[in-house]
Amino acid sequence: MASTTVDEGEEARDKLLRGVKKEVKQLMEEAVTRKFVHEESSTITALCGAVEACLQHGLRKRSLGLFKNSTTTALLQKVSKNCGSAADVIRMLSEIEQNNENVRKSVDSNKNQTSLSSSRKTPYNPKYMWIRLALFEKQLAKILEYLVTNSSKYYEKDALIADPCDGPTLATLLVGPCALDYTKM
């Protein structure tokens with residue numbers, strides 16, 4: 001019975017890692033065939049979703065402290081105290097959120113332009129916003145590397161990030177996508 005649990009945990013890690021490999025491959029193929037990747041590409045969104053799933057696998061809820069929910073954004077905030085790359089992404093994320101709030105307030109204050117408020121929202125899924133931003137700023141692989149190195153603080157023993165083989169593999173897989181330049185058209 002114990003071996004069944006081990007097999008299920010290993011199978012879940014394999015499935016998550018295969019998902020990231022598939023999305024990385026598609027992103028790299030898109031970069032080669034089109035010679036560019038647009039920031040709003042569905043391939044990027046799919047990769048961010050796969051990375052999010054890996055980051056949530058085996059995440060200790062208590063390690064996040066007093067944060068309202070156990071999201072990966074809360075994990076990033078916790079990690080940013082000791083990881084410079086994570087701190088940079090948190091700072092940029094705060095600036096983006098502040099800019100969006102300022103735009104929303106200025107549009108709402110001018111009643112003639114209220115129809116613009118819906119077109120000024122961020123075009124991304126805010127759930128993956130920090131992962132997307134870290135990818136564009138070439139910091140995602142570094143943040144994952146930090147998480148792998150310090151996995152015992154944030155993850156259960158059977159988590160993908162905590163696995164001595166799968167964790168470093170995940171961080172290494174993201175080096176390629178982090179090296180790409182993305183277009184903003």
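See the values below:
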{"quantity": "Test: residue in region 71-93 that is over 19 Å from residue 146 (Cα atoms), free of Cβ contacts under 8 Å to residues at least 24 places away in the same chain and either open to solvent by 20 Å² or more (accessible area, probe 1.4 Å) or over 17 Å from the mean Cα position of the chain (by Cα) (or both)", "calculated": "no"}
{"quantity": "In region 157-175, the residues that are surrounded by fewer than 16 Cβ atoms within 10 Å (Cβ to Cβ) and touching a helix residue (DSSP H, G or I) at 6+ places or on another chain (Cβ under 6 Å)", "calculated": "168, 175"}
{"quantity": "Top-ranked residue in region 132-156 [being in contact with a Phe, Trp or Tyr (Cβ under 7 Å, 6 or more places away or on another chain) and within 16 Å of residue 48 (Cα to Cα); ranked as surrounded by the fewest Cβ atoms within 10 Å (Cβ to Cβ)]", "calculated": "136"}
{"quantity": "Top-ranked residue in region 1-30 [being among the aliphatic types (A, V, I, L, M), at pLDDT 95 or above and over 19 Å from residue 167 (Cα atoms); ranked as nearest to the chain's Cα centre (by Cα)]", "calculated": "27"}
{"quantity": "Complete set of residues in region 135-185 that are part of a helix (DSSP H, G or I), of a type in the set (Lys, Arg) and over 17 Å from residue 60 (Cβ atoms)", "calculated": "142"}
{"quantity": "Residue, modelled with the highest pLDDT, within region 97-153, restricted to residues that are more than 30 Å from residue 177 (Cβ to Cβ), of a type in the set (S, T, N, Q) and in contact with a helix residue (DSSP H, G or I) (Cβ under 8 Å, 6 or more places away or on another chain)", "calculated": "113"}
{"quantity": "Yes/no for residue 68 being modelled with pLDDT of 95 or more and among the basic types (Lys, Arg)", "calculated": "no"}
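The values are calculated or read from the model by the stated rules, or taken from the named source; none is laboratory data. For clarity, every value in this text was computed on a predicted model and none was experimentally measured. Heads up, the Cβs are rebuilt from the backbone with ideal geometry, glycines too, and the neighbour counts pull from every protein chain shown. To get the accessible areas, we keep the full protein, side chains included, count just its heavy atoms, and leave off ligands, DNA and RNA. Shrake-Rupley method; radii C 1.70, N 1.55, O 1.52, S 1.80 Å.
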